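Everything below concerns the one structure shown next.
The values are calculated or read from the model by the stated rules, or taken from the named source; none is laboratory data. Owing to the predicted nature of the structure, the values given are computational and were not obtained by experimental measurement. Note that we place each Cβ from the backbone using ideal geometry, even for glycine, and neighbour counts take in every protein chain shown.
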Amino acid sequence: MRRCLALVGLFASSLLAQPQPFDAAAMMQLARLSDPQISPDGKTVAFVSQTIDVTANKKPKEIYTVPLSGGPPRSLGEGDRPRWLRDSHYLVFTGTRGGASQIWMMNEDGVDAHAITSLATEADGAIISPDSKYIVFTSAVYPDCGADDACNAQHIAAEKDQPKARIYNSLLYRHWTDWQSARRTHLLSMPVSGGKTVDLTPGAIDVPPFSLGGPDDYVISPDSQEVCYVENTADVPAISTNTDLFVVRIEGGEARRITTNPAADMSPRYSPDGRYIAYRSQTRPGYESDRFTLLLLERTTGKVTVLTDLLDRWVNSFVWSPDSQRIFFTAMDRGRQPIQFLEIAGGGTRVAVSGESVLDDMQFTPDGKTLVFTRQSGASPVEIVRAASSGGAPQVLTHFNDAVLAAHPTAPLEELWTKGAEDAQVQSFLVKPPNFNAAKKYPVLLLIHGGPQGEWAQSWTYRWNAQVFAGAGYVVVMPNPRGSVGYGQKFIDDINGDWGGRAYADVMAVADRVAALPYVDKDRMAAAGGSYGGYMVDWILGHTNRFKALIAHAGVYDLRSEAGATEELWFPKWEFAGMPWENPEMYDRWSPSHFAREFKTPTLVIHGELDFRVPYTQGLELFTALQLQKVPSRLLIYPDEGHFILKPQNSMLWYKTFIDWIDTWTKK
């Protein structure tokens, strides 16, 4: 009897030790790494790890360091955006340890952490001058107060007794999930050792731009004397993508515009020798998905050189080599993002590091011998990696997620090419379920990406994770139809004014191709998408009944009402050649709402009430049309989410509701 019990115990233990399918609960256990920063002495990398506390419904961030030579990481406590002082013994970071966001400083080992700002308007996004004497950061101030903290505090106190109403006289009055307030985000500077805070960008304007900016859009010169930043000075920023570069003394003063291109100029980077500013630029005003090229501005002469004119891909992130002779950059290419480089003196681009992955966040050690970057793939989340700049195999510095992935293995992304509309080659990625058996027939989930100028790639995502869907027993297919990034600018432009045309034909061609696979049950196919992907699901509803179930997340349903309620108005003006009263025929032609009589497929509708990009009334209109025609349908609405579902508990509900819906219709 004892022997039988022992065998039962061993069998139970072996079952517990067996790898389990990757699901949403496993995904929530992963550490989300970002923002690697090499210390000035080239010995240590600081970075951020975000973990997920589903019970508390929080996503805390923690700063870590890891030796560049390898070794265990060390936690320095709560914080975000670590930046080294030049002696490599101190870090400046954004912290909320006092309950509000302020700029903090601590020793390299995490001790003696103390706030160096205490602004009523809070502070974020600090960068440090190369001489470590100044910090430049952002704060949402009242324009008439600027850096006067007492003045800002008085305004904040006074607002508490004001009616909870908003009054606007112009566009852009809201963005993503935020209503424009009386405050504006400005760049402020102050000595690291303490002293007077100066408003570098006074006035009733947001810098970085309310719509387009980010931490990459302001930088300090190598001599620590000036700040270069991005600003949109358009009278109506809601219809303009025209951002320019400005420079201002770090102690404050009058700013000077240094670019005049009528389209977007952004992401400035000084060369280490101070001679140049490199930046990304577009040429077509009003088109946010125009090709981003890399330009070089010589500071003394104003001469501008286009470095990547012959590269038919978007330049994304980039970094200078320490000798100021080369620029290393990333560009998405057919679902992969390698690190490439070019000589500023001329010549073609060359690949520095590549693979079945997306690489980003590059930084050099001061001697230029080592490159640190992030690496991710469709089967593995971000880890921090180093590589010799002279070549050789990369070495992973962090292993935060090894245990979770060992217990819940993921499947590699496979590649599938299909002939789409006009015989164009359409790439898709495919993920198979765990314990895949080629002799079985599996249901299919077709995922349609947003944008429409976006892409599925060898990258990890927490919002539409293909591994979670594959773990639920589906063959997951992710097509990159017309409009997708990484296949040349013409492939992107082909979707302009043609939302339900070639892209729909591409998606259907992929569906045909997948249906013919020997391990696919063509009678058990579902499709889902978000944003533009949600639009395509709505379009599918009115044009085919081939799918057993559909899911539309934050989808555009009625083009006319969407154009009047979205915030970034340059988008519909470009995509549909004007507003609805200017080009009504195009809006009518491509609006899914005009085909509501044809709706028959069971559909789950998901939306966030704080979605200002695709207002949630679009989802309500779709659900109403489905319900009134007695099409099986369900509405999942989030009062506290926007275009993306970000809160941990909401995300868990999203995955459960999503999978339950497609299971209901494909696994009967």
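Tabulated data for the structure shown
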| item | result |
| --- | --- |
| The stretch 479-506: number of residues that are in contact with a helix residue (DSSP H, G or I) (Cβ under 8 Å, 6 or more places away or on another chain) and of a type in the set (Val, Ile, Thr) | 2 |
| Qualifying position, being of a type outside the set (A, V, I, L, M, F, W, C), over 18 Å from residue 331 (Cα atoms) and in contact with a helix residue (DSSP H, G or I) (Cβ under 8 Å, 6 or more places away or on another chain), among 287, 270 | 287 |
| Residue 153 surrounded by 14 or more Cβ atoms within 10 Å (Cβ to Cβ) and in a strand (DSSP E or B) | no |
| Entirely in the stretch 546-603, the helices (runs of 4 or more DSSP H) that have 2 or more residues that are at positive phi and assigned by TED's automatic domain parsing to the domain that holds residue 632 | none |
| Sole residue being within 27 Å of residue 29 (Cβ to Cβ) and either in a helix (DSSP H, G or I) or among the charged types (D, E, K, R) (or both), chosen from 621, 641 | 641 |
| Qualifying positions in the stretch 139-163 - within 34 Å of the chain's Cα centre (by Cα), over 10 Å from residue 119 (Cβ atoms) and among the small types (Gly, Ala, Ser) | 146 |
| Test: residue in the stretch 631-645 that is surrounded by 15 or more Cβ atoms within 10 Å (Cβ to Cβ), at pLDDT 95 or above, in the same structural domain as residue 566 (by TED's automatic domain parsing) and basic (Lys, Arg) | yes |
| Residue selected from the stretch 28-65 under the condition in contact with a helix residue (DSSP H, G or I) (Cβ under 6 Å, 6 or more places away or on another chain) and over 14 Å from residue 398 (Cβ atoms), by the criterion surrounded by the most Cβ atoms within 10 Å (Cβ to Cβ) | 52 |
| Residue count for the stretch 270-324, restricted to those that are under 23 Å from residue 234 (Cα atoms) and among the charged types (D, E, K, R) | 5 |
| Residue match in the stretch 167-186 (condition: assigned to a strand (DSSP E or B), crowded, with 16+ Cβ neighbours inside 10 Å and among the charged types (D, E, K, R)) | yes |
| Number of the exception - residue 116 against (1) farther than 25 Å from residue 222 by Cβ; (2) in contact with a Phe, Trp or Tyr (Cβ under 7 Å, 6 or more places away or on another chain); (3) surrounded by fewer than 19 Cβ atoms within 10 Å (Cβ to Cβ) | (1) |
| Qualifying residue in the stretch 566-574 (condition: of a type in the set (D, E, K, R) and in contact with a His (Cβ under 9 Å, 6 or more places away or on another chain)) | yes |
| Lone unmet requirement of (1) more than 18 Å from residue 298 (Cα to Cα); (2) of a type outside the set (Lys, Arg); (3) surrounded by fewer than 18 Cβ atoms within 10 Å (Cβ to Cβ) for residue 274 | (1) |
| Filtered residues of the stretch 84-103 (kept if surrounded by 19 or more Cβ atoms within 10 Å (Cβ to Cβ) and within 19 Å of residue 40 (Cα to Cα)) | 84, 85, 91, 92, 93 |
| Long-range neighbours under 7 Å by Cβ, at least six apart or interchain, first residue under 18 Å from residue 539 (Cβ atoms) within the stretch 617-628, second in a helix (DSSP H, G or I) | 618/562; 621/593; 622/538; 625/596 |
| Filtered residue count, the stretch 386-427, keeping only those that are buried (at least 18 other Cβ atoms within 10 Å of the Cβ) and either without any contact (Cβ under 8 Å) to a residue 12 or more places away in the chain or part of a strand (DSSP E or B) (or both) | 5 |
| Matching residues, the stretch 362-385, being buried (at least 21 other Cβ atoms within 10 Å of the Cβ), in contact (Cβ under 8 Å) with a residue 24 or more places away in the chain and either basic (Lys, Arg) or part of a loop (DSSP other than H, G, I, E, B) (or both) | 378 |
| Yes/no for residue 319 being without any contact (Cβ under 8 Å) to a residue 60 or more places away in the chain, outside the structural domain of residue 126 (by TED's automatic domain parsing) and under 21 Å from residue 126 (Cβ atoms) | yes |
| Selection within the stretch 520-545 - part of a strand (DSSP E or B) and closer than 17 Å to residue 604 by Cβ | 524, 525, 526, 527, 528, 529, 530 |
| Scan of the stretch 260-314 for residues that are assigned to a loop (DSSP other than H, G, I, E, B) and of a type in the set (Ser, Thr, Tyr), ordered by number | 260, 271, 283, 287, 289, 300, 301, 308 |
| Every residue from the stretch 238-260 that is surrounded by fewer than 17 Cβ atoms within 10 Å (Cβ to Cβ) and closer than 18 Å to residue 306 by Cα | 260 |
| Criterion: under 24 Å from residue 360 (Cβ atoms), outside any helix (DSSP H, G or I) and modelled with pLDDT of 95 or more - qualifying residue of 209, 222 | 222 |
| Scan of the stretch 20-74 for residues that are under 19 Å from the mean Cα position of the chain (by Cα), free of Cβ contacts under 8 Å to residues at least 40 places away in the same chain and assigned to a strand (DSSP E or B), ordered by number | 48, 50, 61 |
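Conditions (1) outside any helix (DSSP H, G or I); (2) farther than 12 Å from residue 536 by Cα; (3) of a type outside the set (A, V, I, L, M, F, W, C), marked per residue:
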site	(1), (2), (3)
436	yes, yes, no
445	yes, yes, no
463	yes, yes, yes
497	yes, yes, yes
500	yes, no, yes
518	yes, yes, yes
